[in-house]
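Engineer: Before we start, here is the structure in question, set down as structure tokens.
The values are calculated or read from the model by the stated rules, or taken from the named source; none is laboratory data. Since the structure is predicted, the reported quantities are computational estimates derived from the model, not experimental observations. A quick note on method: Cβ atoms are made from the backbone with ideal geometry, for glycine too, and the neighbour counts reach across all protein chains shown. Areas reflect the complete protein model, heavy atoms only, side chains present, ligands, DNA and RNA absent. Shrake-Rupley method; radii C 1.70, N 1.55, O 1.52, S 1.80 Å.
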Amino acid sequence: MPDTPVPDEAGILAEAGPVTAFWRDLGLPGLVDVHAHFMPPNVLAKVWAFFDSGRAAGQEWPIVYRWPQAERVALLRAFGVRRFNTLLYPHKPGMAAWLNAWAAGFAARTPDALHSATFFPEPGAGAYVAEAIGAGARLFKAHVQVGGYDPRDPLLDPVWGMLAEARVPVVVHCGSGPRPGPYTGPEPISGVLARHARLMMIIAHLGAPEYHEFLDLTRRYPGVHLDTTMAFTDFMERVAPFPAALRPRLAAAADRILLGSDFPNIPYRYLHQLQALARLDLGPDWLRAVCHDNAARLLGL
Ligand SMILES: [Zn+2]
């Protein structure tokens, strides 16, 4: 599928206006997005082809920001996203170290990008994760569904241990949405937390569709957080609606929820994620914590 057309400057400003108004009205200095993706162009092309195939969620997934990399970075800056990460993840062995090298280079060239890294259960994972932490990685990503691995794999035990020790957060896609994998759901990752109770973990997509179980984990473990990626949007409400009865739990977990967007791989405009949070009606303090302050604290910004 061809790239979507990049708007001209006036178009960018028109789109950015309501996004910057959103955080300015809250009195914030900008947004922090803990769940954006930047990847080597050939890898991203494969991810986009997967979404095009309709296999990602069993429904149309027309990616809005299928743009060249420089234009995607420029748009996040126009939105006032102060920091964003570059989540990448391998689907097979032998890939993670190469992805980490790319992410380190991207972060070095892009001061507002958080230096991110990843891993796979394979011999050597401990060594390249130690190297990435030493090189300044601020955030890791693990994709249990795409990777198809058990997060309790003994090959990962030293990895979780190092991340817990270094207090480096890891974004984990382990909910069973949009499609389950053999090791998705709350159980396998709970086994990891039982062994490494100090892990700073960010459960992607608010744990969809197992919202309840993953919210429970925030009560049991002080380091467990959830990102909002796609949650509460019209798109996600069709796939995995958030139960209204759980709303009070969102308020109670106000210090554990972090803005994530899945930019650029989203089938709607960036503003919609922000509007989806605002319409929960949890108040400006909740929005300030979620859209900026929690991530600033967790990542030491
Ligand atoms: Zn994602």
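Engineer: Residue check: is R109 of a type in the set (D, E, K, R) and crowded, with 16+ Cβ neighbours inside 10 Å?
Structural biologist: It is false that R109 is of a type in the set (D, E, K, R) and crowded, with 16+ Cβ neighbours inside 10 Å.
Engineer: Which residues, counting only those in segment 19-39, are more than 16 Å from the ligand (Cβ to nearest atom) and part of a loop (DSSP other than H, G, I, E, B)?
Structural biologist: Correct list: L26, G27, L28, P29, G30.
Engineer: Which numbered condition trips up R249, out of (1) crowded, with 19+ Cβ neighbours inside 10 Å; (2) closer than 25 Å to L193 by Cβ; (3) out of contact with any strand residue (DSSP E or B) (no Cβ under 9 Å at 6 or more places or on another chain); (4) of a type outside the set (D, E)?
Structural biologist: So R249 meets the others, but not (1).
Engineer: Could you tell me how many of the residues in segment 225-243 are more than 16 Å from the ligand (Cβ to nearest atom) and hydroxyl-bearing (S, T, Y)?
Structural biologist: Count: 0.
Engineer: Being open to solvent by less than 10 Å² (accessible area, probe 1.4 Å) and within 16 Å of the ligand (Cβ to nearest atom) is the filter here; which residues of segment 194-224 pass it?
Structural biologist: M201, I202, I203, A204, L206, G207, A208, F214
Engineer: Could I ask something else about it? Those residues that are in a loop (DSSP other than H, G, I, E, B) and at pLDDT 90 or above, I need them from segment 47-69; list them, please.
Structural biologist: Selection gives I63, V64, Y65, R66, W67, P68.
One line per residue, one yes/no per condition, for (1) among the aromatic types (F, W, Y); (2) in contact (Cβ under 8 Å) with a residue 24 or more places away in the chain; (3) closer than 25 Å to A194 by Cβ; (4) assigned to a helix (DSSP H, G or I):
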{"position": "P111", "(1), (2), (3), (4)": "no, no, no, no"}
{"position": "P121", "(1), (2), (3), (4)": "no, yes, yes, no"}
{"position": "G126", "(1), (2), (3), (4)": "no, yes, yes, yes"}
{"position": "V129", "(1), (2), (3), (4)": "no, yes, yes, yes"}
{"position": "I133", "(1), (2), (3), (4)": "no, yes, yes, yes"}
{"position": "F140", "(1), (2), (3), (4)": "yes, yes, yes, no"}
{"position": "Q145", "(1), (2), (3), (4)": "no, yes, yes, yes"}
{"position": "Y149", "(1), (2), (3), (4)": "yes, yes, yes, no"}
{"position": "R152", "(1), (2), (3), (4)": "no, yes, yes, no"}
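Engineer: Only residues that are away from the ligand (no atom under 16 Å from the Cβ) and either touching a Phe, Trp or Tyr at 6+ places or on another chain (Cβ under 9 Å) or open to solvent by less than 20 Å² (accessible area, probe 1.4 Å) (or both): list them for segment 54-71, please.
Structural biologist: G54, Q59, P62, W67, Q69, E71
Engineer: Anything in segment 72-102 that is assigned to a helix (DSSP H, G or I) and either on the phi > 0 side of the Ramachandran plot or open to solvent by less than 30 Å² (accessible area, probe 1.4 Å) (or both)? List them, or say none.
Structural biologist: R72, V73, L75, L76, F79, A96, L99, N100
Engineer: Looking at the structure I just gave you, is P267 within 16 Å of the ligand (Cβ to nearest atom) and open to solvent by 60 Å² or more (accessible area, probe 1.4 Å)?
Structural biologist: Considered against the rule, which asks whether it is within 16 Å of the ligand (Cβ to nearest atom) and open to solvent by 60 Å² or more (accessible area, probe 1.4 Å), P267 comes out as no.
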